[in-house]
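S.K.: Below is the structure I would like to discuss, written out as structure tokens.
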Amino acid sequence: MVNIPAQTLMQEQAPEEERGRVFSFQAMLYNAGSIPVLLFAGVIADTLGIEMVMYLLAAAILGFSWWTAWYSHRSFVS
């Protein structure tokens, strides 16, 4: 739900001759950011418990949703 609008925006903003580089950089950055999380997800779930990890994930998603709403509202007001 986030990746498609982000790619659309990047495609509109990036120069035509550099779009491939922009998309490959986004994919590399996404993979580099997700690998540590995936590697340690099992350890964190074993340490804290599945229920606590689910609550933390829900809190993180809620926090990012609030931040997104605040940021998008702020950019439209400015």
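Nothing in this text is a laboratory measurement; each read-out follows from the coordinates by a stated rule. What you are looking at is a predicted structure, and each value in this text was computed from that prediction instead of being measured. Here Cβ is always computed from backbone atoms with ideal geometry, including for glycine, and neighbour counts include all displayed protein chains.
S.K.: Extending each Cα 7 Å along its Cβ direction at Asn31 and Asn3, get the distance between those two points in nm, one decimal.
M.R.: Rounded to a tenth, the inter-label distance reads 1.2 nm.
S.K.: Round to the nearest 10 and give me the degree value, 0 to 90, for the angle of helix 3-13's Cα axis relative to the longest principal axis of the chain.
M.R.: Compared with the principal axis, the helix lies near 30 degrees.
S.K.: Now, a different point. Karplus couplings for region 33-38 from phi (6.51 cos²θ - 1.76 cosθ + 1.60, θ = phi - 60°), rounded to Hz, Gly and Pro as x?
M.R.: Ordered by residue, 3J(HN,Hα) equals x, 8, 4, x, 4, 5 Hz.
S.K.: Could you give me the ³J(HN,Hα) list for region 21-28, computed from phi with Karplus coefficients 6.51, -1.76, 1.60 and θ = phi - 60°, whole Hz, x at Gly and Pro?
M.R.: Those phi angles translate into 5, 5, 5, 5, 5, 4, 5, 5 Hz.
S.K.: Per-residue HN-Hα couplings for region 52-62, Karplus 6.51 cos²θ - 1.76 cosθ + 1.60 at θ = phi - 60°, whole Hz, x for Gly and Pro?
M.R.: These are the phi-based 3J(HN,Hα) values: 5, 5, 5, 5, 5, 5, 5, 5, 5, 5, 5 Hz.
S.K.: Turning to a different aspect of this structure: Using the Kirkwood formula over every pair of different C-alpha atoms, what hydrodynamic radius in Å results for the chain?
M.R.: Values: mean 1/r = 0.0652 Å⁻¹.
About 15.3 Å, per the Kirkwood formula over Cα pairs.
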